[in-house]
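Here the structure comes first, spelled out in structure tokens, and everything after it is commentary.
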Amino acid sequence: AVDRSPLNARMMNNLLVTFVQGDAFQYQPPAKVDWMVSDIIAYPERITELLDLWCGSKLAKRMIVTVKFQGKTPSWTALENALQTARAHGYQACTKHFFNNKNEV
């Protein structure tokens, strides 16, 4: 887990979780990983930049990334840009819109 602040005590003591204090946009793992999961609060364009870095460097085999939007409806163009970025680097990409949070895909 990469975060600017420590995680809650339960997670910090979990042997399955490695914590790195820092900026998730600057972090690169010391070795390639099987999974990268991102739930960062950032503009969609920043998440697409993160995808470009991780996908372009093949830092993870698989990724789950949330894209968060402001307003009443998601920006489908921004979402399509994120999908195309992953696909351009050879990843299969799909989306799931969770309707309990209309601003998150």
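Only the coordinates and a few stated rules stand behind these numbers; no lab work does. Because the structure is a prediction, the values reported are computed rather than measured. Every residue, glycine as well, gets a Cβ built from its backbone with ideal geometry; the counts of neighbours run over all protein chains shown.
Mind putting a number on the dipole of the chain about its Cα centre? Charges go on the C-beta only, +1 for Lys and Arg and -1 for Asp and Glu, and I need it in Debye to the nearest 20.
Computed charge dipole of the chain: roughly 240 debye.
How many nm is it between the label spots at Asp3 and Ala31, if each spot is 7 Å from the Cα in line with the beta carbon?
2.6 nm
Which cross-chain or sequence-distant (5 or more) residues have an amide H under 5 Å from the amide H of Val2, H modelled 1.01 Å from N in plane?
So Val2 has HN proximity to Val20.
In terms of modelled amide H atoms, which long-range or inter-chain residues lie less than 5 Å from the amide H of Met63?
Residues meeting the criterion, in which the H sits 1.01 Å from N, are Met36.
Trp76 versus Thr18, label points 7 Å from Cα toward the beta carbon: distance in nm?
About 4.1 nm, to one decimal.
Report, in deg cm²/dmol and to the nearest 500, the calculated mean residue ellipticity at 222 nm for the chain, where each DSSP H run with n ≥ 4 adds -39500 (n - 2.57) and the sum is divided by the residue count.
About -8500 deg cm²/dmol.
HN-Hα J couplings of region 81-91 from phi, Karplus 6.51/-1.76/1.60, θ = phi - 60°, integer Hz, Gly and Pro as x?
Going residue by residue, I get 4, 5, 4, 5, 4, 5, 5, 4, 9, x, 8 Hz, with x marking Gly and Pro.
For the charge dipole of the chain, defined by +1 on Lys and Arg C-beta atoms and -1 on Asp and Glu C-beta atoms about the Cα centroid, which residue among Pro44, Val67, Thr95 has the Cα displaced farthest towards the positive pole?
Thr95
Where q = 0.19 Å⁻¹, what log10 of I(q)/I(0) comes from the Debye formula for region 1-43, counting one point per Cα?
With one equal scatterer per Cα and no solvent, log10 I(q)/I(0) is -0.65.
Tell me the angle of helix 44-56 to the major Cα principal axis of the chain, expressed in degrees between 0 and 90 and rounded to the nearest ten.
Helix 44-56 sits at roughly 60 degrees to that axis.
Would you mind estimating how fast the chain diffuses translationally, via Stokes-Einstein at 25 °C and 0.890 mPa s with the Kirkwood radius over Cα pairs, in µm²/s?
Result for D is 166 µm²/s.
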